[in-house]
Structure formats: C-alpha cells, structure tokens
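The next block holds one structure in the form of structure tokens; read it before the comments.
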Amino acid sequence: MSAIQGQRKLAAILAADVVGYSRLMATDESGTHARLKLVLAEVFRPVVKRNAGRIFKMMGDGALVEFASANEAVKCAVELQDLLDQGQQQSSPGEEIRMRIGISLGDVIVEGADLFGNGVNVAARMESLAEPGSICISGNLQEHLTSSDTFELIDLGPCQVKNIPQPVQVFEVSRKKNAAETSVKTPSFVQDIRFCETPDGVQIAYATIGEGPPVVSVSNWLTHLELDFQIPMRRELVRLLSTDNQIIRYDARGSGLSDRDIKDFSLDASVMDLTSVIDALGLQEVSLVGQSQGAAVAAAFAARNPDRVKKLVLCGGYARGRRMRGSKGQIAESDAFITMIKEGWGKELDAYVRMFGAFFMPDANAEQLSGFTNLQRRATPPENAASIQLAIDSIDISEELANVKAQTLVFHVREDARAPFEEGRRMAAAIPNARFVPLEGRNHVMLSSDPALQRFLSEVSKFLKD
C-alpha cells in the first residue's frame, strides 16, 4: 500500500473508537488502560494484520486503518466485533471493551505514514453514527462489496453528517450468527409499499414486512417509511417482530410518503388514518404497538373498536397532551416548542439540532442527534410539523381508556423528559387490567445502547407470542 508523498489514492478507511472510554477511565483508569492494551495486542492488531490492513493512526481510545479492499475492511470489522462480543461474555459488567466501527471508501492524501482527506473524514462520521458494538459503512463502499455468509446490509438511508456537504448513504452491517448457534430468522427488511385513501380523501402510504399474525406499528411523531430504520428503536422493533409476524407500518397524513397538503391533524383524523390502513389490508383483528403520541391513537382505536384489537402495546405515551394537563407551564412549553419548530426547522444550526434532538434523546451523541433531526426535517415541512405538534399537545382520551378491552402492556421510561412518567402511569391505571412496566433511563426515543430497549423488545416479543 505504499505511495508517493503527497500523492492521492483510493482507499477503504476503517475508523474504530472505544465506547464510553472517558467513563471507563474515570471509574478505573489503570484497569481500563490494561484491558484496552490487552485488546489492542491480542485482538485488534492481529485481526487487522490478518485482513491485510495497515494501522496508520492510534488515538488513545481509537484507531484509523487503511485497506486496499472494501471486502477486507468489512471482513476485518465483522471479525473484530465478533471477538469483542466473545470477550464481553468473559468480562464483569461495566468492564467490557466495546467499539463503534465506521468504514468508508474515498480519496486520501499520503503524508508520510499518515493519511488525510475525505475518505478519512467520512469513515470517522460513519463510526460516530454506529451504535455500540455495531458497524456502519458508506454507500460508495457498499457498492464494492461482494455477498457474504457472515453479514448482511441494512439500508439506513441518506444521512446528513457534520462537515460533509452532501448527505451520505449509510448502511448498517448486520452480523449473521452461526446457524448452529441460533434459530432466529433474520428479516430481509424488503418492504411492500402501497397506498390507501381515507374517507376525507387523503392518500396514506403503508408498508408490510414479514409474515404471520398482523401487528400494526401506529405512526407517531414524524415517520418516513424509507428512512425510519435510521432510528434504532424503530429498526430493532421491526427486526425482532417481523420474524414471526406481519409488521404493518404507515406514514400518517402530512408526513413521509403520505399526502402532505393537509389541514386536519386532529386525533380523530389520526384514528381515521389507522383505520383506513387496517381496512385496506382486509384485516378484522390486529395487535397494535403505539409509541409516544401513537399510544393515544392506538388506545383510542382500541376503545372505539374493541372487537378489532387483540393486544395493545403502549410505550412513552399519554392520554393528555401538554395543553390538556391543567398547567400553565405545560402550555407555555407547548408554545415554545411550536415556535422553535417554526423558526428553526430548516436551519442548519448546531444549537438548534442539539436542543431539538435532546428533548427526545438526551443521551445521544452529536451525530445521533443530527441524524434524528435531519430525518424529521425530511419527513415533513415546518408548517406541517408545527400543526402536528399543536394537535398532539391537544389530545385528551382520558375518558375513553376505560373502554379498552384488549390485553394491554404499557411501558414508560422513568426520567423521560418528553413524555412525563406520571402520564404513562395514569394511562396504564385507566386501562382495565393493563400491565405497567417502568423502564430505567431518560431517552424518550431509546438508543441501542439503552438497557431499557432490550427489556422493552424482550417483553413485547413475549407478550405478543403468549
């Protein structure tokens, strides 16, 4: 891989970073240093060498590696994460060395043993988008990969990343487990997108994935059928449930692939959207999963159609929107949030991105916040977003909850700043025989690294199978 000083060349660049390195060092500096040194010596360096890579920069808690082959770069990343997973099983909780890995193919400049340029920058951005223990790659690298028995790719769509002018197509590398180790089926995420029309003439886009009993994921704050898998919580729920169910997702009026020139965003209109999708598929009975304000839509449908809902899952929901909770402070918060949407929706301001995204994911890093915010901008224009938020904040189905007859499971994160825990508790208490599961954490939109997400997924899977 030698090159002349100052020469440009095309290379696959792998960027790796230790998850939570500062926290680990603050807790046990000498122990963390020793464990990382051992991982680098016995895992990282040998795997890189085995896959014909060259480490050209070490950064204390991370490294940059050059490859001449896109396939070797991804093969190396998959092998690294598999070995680190095995190491986690032998480590005490809180002591595991985990990594995020990003890979890009791009033009680089040779400066001695070091490399610079766009290829290096994009790889670093892919790494920051990756969840702990996972791998993200750029679209141009994906184009050079051959099929593999050890991994498959999940298209996360285009993502706007820091200091890169144009959106970058991002793929997650999903590692395949050995068939002898697991019998879990891996969904293809190939979705069949169709359209139906509501009684008031709105075209609603909906998609189906998998086969089995129908489970409808009720549309909530700004979905987009083609981009939703960028959000780990939505992606992992579909990945889990579509192995044994037909998962039905849709974009509510005004967002995603559905009609956007809309005036009526009321709760009744939202229930109409859900009803139209279920009717278009000819389904008499379904299970519903509602998150955030989608929980109110799901619960309202279940209360108004008790014979059509088998099971009901609600997470991060509320029966009363901010403007209906009897507090001047809540109304002021609603007004402020709507103003922020109107004024900052289309502006590329770091402060706006951090503030807006932090309402939903206070523990997310800068790239995750940016990706989440940009996805929402693509899902709907600012005038729709403001109208949708006003409608959400005006929801009140308190009197309808007693009419829900379906088996119901309610989740809520204890320190959720977007939807107060007390509202989730009240919702569960008002639904006859509902089971309430408090989750530890503070992210309204849970991240892959949240222990709460794993419990949520496990409980939902078991509940829908019983």
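Observations
- Selected residue [open to solvent by less than 30 Å² (accessible area, probe 1.4 Å), assigned to a helix (DSSP H, G or I) and within 25 Å of residue 136 (Cβ to Cβ)] from 454, 389, 376: 376
- Of all residues in the stretch 304-325, none that is without any contact (Cβ under 8 Å) to a residue 24 or more places away in the chain and closer than 18 Å to residue 436 by Cα has its Cβ atom under 9 Å from the Cβ atom of a residue that is surrounded by 18 or more Cβ atoms within 10 Å (Cβ to Cβ) and not basic (Lys, Arg), 6 or more apart or on another chain.
- Odd one out for residue 410, checked against (1) surrounded by 16 or more Cβ atoms within 10 Å (Cβ to Cβ); (2) of a type in the set (A, V, I, L, M); (3) assigned to a helix (DSSP H, G or I); (4) touching a helix residue (DSSP H, G or I) at 6+ places or on another chain (Cβ under 7 Å): (3)
- Extreme residue, nearest to the chain's Cα centre (by Cα), among residues of the stretch 427-440 that are buried (at least 17 other Cβ atoms within 10 Å of the Cβ) and over 16 Å from residue 362 (Cα atoms): 437
- When 321, 317 are checked against the criterion of being touching a strand residue (DSSP E or B) at 6+ places or on another chain (Cβ under 8 Å), at pLDDT below 95 and crowded, with 22+ Cβ neighbours inside 10 Å, a single residue qualifies: 321.
- Enumeration of residues in the stretch 314-337 that are touching a Lys or Arg at 6+ places or on another chain (Cβ under 7 Å), assigned to a helix (DSSP H, G or I) and aliphatic (A, V, I, L, M): 331
- Close pairs from the stretch 219-240: first at positive phi, partner in a loop (DSSP other than H, G, I, E, B), Cβ under 7 Å, at least 6 apart: 222/255; 222/380
- Subset of the stretch 391-419 that is among the small types (Gly, Ala, Ser) and in contact with a strand residue (DSSP E or B) (Cβ under 8 Å, 6 or more places away or on another chain) - its residue that is nearest to residue 328 (Cα to Cα): 419
- Residue satisfying all of: in the stretch 350-365; surrounded by 13 or more Cβ atoms within 10 Å (Cβ to Cβ) and modelled with pLDDT under 70; nearest to residue 440 (Cα to Cα) among these: 354
- Residues in the stretch 424-451 that are in contact with a helix residue (DSSP H, G or I) (Cβ under 8 Å, 6 or more places away or on another chain), over 19 Å from residue 132 (Cβ atoms) and outside any strand (DSSP E or B): 427, 430, 431, 432, 434, 444.
The values are calculated or read from the model by the stated rules, or taken from the named source; none is laboratory data. Please read these numbers as outputs of a predicted model, since none were measured by experiment. Positions of Cβ are backbone-derived with ideal geometry, glycine not excepted, and every protein chain shown enters the neighbour counts. Surface areas here come from the heavy atoms of the whole protein model, side chains and all, with no ligands, DNA or RNA. Shrake-Rupley method; radii C 1.70, N 1.55, O 1.52, S 1.80 Å.
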